[in-house]
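Peer 1: Input: one structure, supplied below.
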Amino acid sequence: MNFTPSKKMSIFPPTIFGELKAAAAAKKATGANVIDLSLGSPDLPPDERVRQALSEQSALASSYGYTLGGTKRFHEAVANYYKRRTGVIIDPETEVLQTMGSQEGLVHLPLAFCDEGDYVLTTNPAYVAYDAGIKLAGAVPYYMPLLAENDFLPDLNEIPEEIARKAKLLILNLPGNPVPAMPNEEFFKEVVAFAKKHEIIVLHDAAYSEYYFTGDRPASFLTVPGAKEVGMEINSLSKSFSLAGARIAYFVGNAEMIKVLRELKSNLDYGTFGPIQEAAAVALDHGEEITDRLRAEFSKRHHTLMEGLAKLGWETTPSAGGMFVWAKYPFDMDDIQFVFEAIKQTGVVMVPGSIFGTAGEGYVRIALVQKVELIEQAIEQLAKMAAVEA
């Protein structure tokens, strides 16, 4: 049968993760020790109480109907979690929207608010789902560079006035993927003022808000006065609660914006499986205890990887949070060539920085998804590559 894909499919480039997986499998077939630090999927299991709730609810014959969106129980758990963790008061009925993981919400976000030709302000580098959503909506991305001199925060003053006038949406991600820059209240105040001036919707992706290793937890965008007037925050249970495969996340914030997104989603899906929502609610109810334990483990991994790469002569972006290390390797080859060469020579799997934007060329993203002992082993194996390539 002859057929052609839609023209729209041309905006979605093939992802590199399948190629990385194939290269890793080929290396492992030789008997080599392969250590995968590519995908940001937590290796630690969910809390036992969360798994138990999922098991019990799944066993009920009544659990298999449509949920048609977020349940009352889930919405209230989100609102209670936000109040405890940030002090922000969230109306569970009008200011919460459950999504099937944050990627689903992020990809559909521009469809709800942007017409063809509208500008969306995003960063370079950035999580790849932002670009997918922007292009799907027919909007135009405007890339704000993340530079060391700005502490890897976008400089809103550098956005041309004509771009700001055409912009409908601003997407931020702090701590970020792939660059784990940390937010602060002063920056968020600038964002609110900028959004009000130009009437731009703000979306802060807080997927890594529980991953901080020194000092206080990262600021929530919604804690800043006026933030709820201009925007929303999206958070996922994938990272903070080790529920990546369960695919559940939520928007919180501006009620009118949430309403628009709810209308869009009512035409796209019938809601996440009820037992998953109950398990997620249990996780949120015990959020402090669960995330404290996970954070302690990831803090050790972060320290081990940063220290180990420094000894190898790699340049790492200073970070005190997030789930990734953003590093510049000391070899004269492009980043895509480098990651496959690293698999071939050392068995360590990383992600090339250029898939996140042109500013990522010459960098790799390394995920903190293996035990400290395996991260130490990865450093030892990468050191062998240094001996060959230096």
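The values are calculated or read from the model by the stated rules, or taken from the named source; none is laboratory data. These figures come from a predicted structure and were not determined experimentally. All Cβ positions, glycine included, derive from the backbone under ideal geometry; neighbour counts span all protein chains shown. Quick note on the areas: whole protein, heavy atoms, side chains included, nothing else; ligands and nucleic acids left out. Shrake-Rupley method; radii C 1.70, N 1.55, O 1.52, S 1.80 Å.
Peer 1: Which pairs have Cβ atoms under 7 Å, sit 6 or more apart or on different chains, and link a residue in segment 45-65 that is under 20 Å from ARG247 (Cβ atoms) and not assigned by the TED database to the domain that holds ARG293 to one that is surrounded by 10 or more Cβ atoms within 10 Å (Cβ to Cβ) and acidic (Asp, Glu)?
Peer 2: Pairs found: ALA53/GLU278; GLN57/GLU278.
Peer 1: In segment 97-107, how many are surrounded by fewer than 24 Cβ atoms within 10 Å (Cβ to Cβ) and either over 15 Å from the mean Cα position of the chain (by Cα) or not assigned by the TED database to the domain that holds LEU170 (or both)?
Peer 2: Of the residues in segment 97-107, 1 are surrounded by fewer than 24 Cβ atoms within 10 Å (Cβ to Cβ) and either over 15 Å from the mean Cα position of the chain (by Cα) or not assigned by the TED database to the domain that holds LEU170 (or both).
Residues are listed down the side, and each one gets a yes or a no for (1) polar (S, T, N, Q); (2) under 26 Å from ASN184 (Cβ atoms); (3) crowded, with 23+ Cβ neighbours inside 10 Å:
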site: ASP269; (1), (2), (3): no, no, no
site: ILE290; (1), (2), (3): no, yes, no
site: LEU294; (1), (2), (3): no, yes, no
site: HIS302; (1), (2), (3): no, yes, yes
site: LEU305; (1), (2), (3): no, yes, yes
site: GLY322; (1), (2), (3): no, yes, yes
site: TRP326; (1), (2), (3): no, yes, yes
site: LYS344; (1), (2), (3): no, no, no
site: MET350; (1), (2), (3): no, no, yes
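Peer 1: Could you figure out which of (1) within 23 Å of the chain's Cα centre (by Cα); (2) free of Cβ contacts under 8 Å to residues at least 40 places away in the same chain; (3) in a helix (DSSP H, G or I) isn't true of ALA281?
Peer 2: With (1) within 23 Å of the chain's Cα centre (by Cα); (2) free of Cβ contacts under 8 Å to residues at least 40 places away in the same chain; (3) in a helix (DSSP H, G or I) applied to ALA281, the lone miss is (2).
Peer 1: Being assigned by the TED database to the domain that holds MET100, open to solvent by less than 10 Å² (accessible area, probe 1.4 Å) and not charged (D, E, K, R) is the requirement here; does LEU203 meet it?
Peer 2: yes
Peer 1: Sticking with this one: Just checking, which of ASP151, ASP155, ASP131 is open to solvent by 30 Å² or more (accessible area, probe 1.4 Å) and at pLDDT below 95?
Peer 2: One residue alone meets the criteria, ASP151.
Peer 1: Can you tell me which residue in segment 1-32 is farthest from GLU380 (Cα to Cα), limited to those that are assigned to a loop (DSSP other than H, G, I, E, B), open to solvent by less than 80 Å² (accessible area, probe 1.4 Å) and modelled with pLDDT of 90 or more? It would help to see each step written out before you state the result.
Peer 2: Kept after step one, since they are assigned to a loop (DSSP other than H, G, I, E, B), are these residues of segment 1-32: 1-6, 12-16, 29-32.
The next check asks that each one be open to solvent by less than 80 Å² (accessible area, probe 1.4 Å); those that pass are 6, 12, 16, 31-32.
Those left that are additionally modelled with pLDDT of 90 or more: 6, 16, 31-32.
Values: SER6: 47, ILE16: 25, GLY31: 17, ALA32: 14 Å.
So, considering only residues that are assigned to a loop (DSSP other than H, G, I, E, B), open to solvent by less than 80 Å² (accessible area, probe 1.4 Å) and modelled with pLDDT of 90 or more, the one farthest from GLU380 (Cα to Cα) is SER6.
Peer 1: May I pose another question? Could you check segment 247-262 and list, in sequence order, the residues that are in contact (Cβ under 8 Å) with a residue 40 or more places away in the chain, part of a helix (DSSP H, G or I) and open to solvent by 10 Å² or more (accessible area, probe 1.4 Å)?
Peer 2: ALA255, MET257, LYS259, VAL260, ARG262
Peer 1: Continuing with the same structure: Out of the residues in segment 214-236 that are farther than 22 Å from LEU284 by Cβ and in contact (Cβ under 8 Å) with a residue 40 or more places away in the chain, which is most open to solvent (accessible area, probe 1.4 Å)?
Peer 2: Among them, the one singled out is THR214.
Peer 1: Additional query: On the basis of being in a helix (DSSP H, G or I) and within 21 Å of SER209 (Cβ to Cβ), does GLU373 make the cut?
Peer 2: No.
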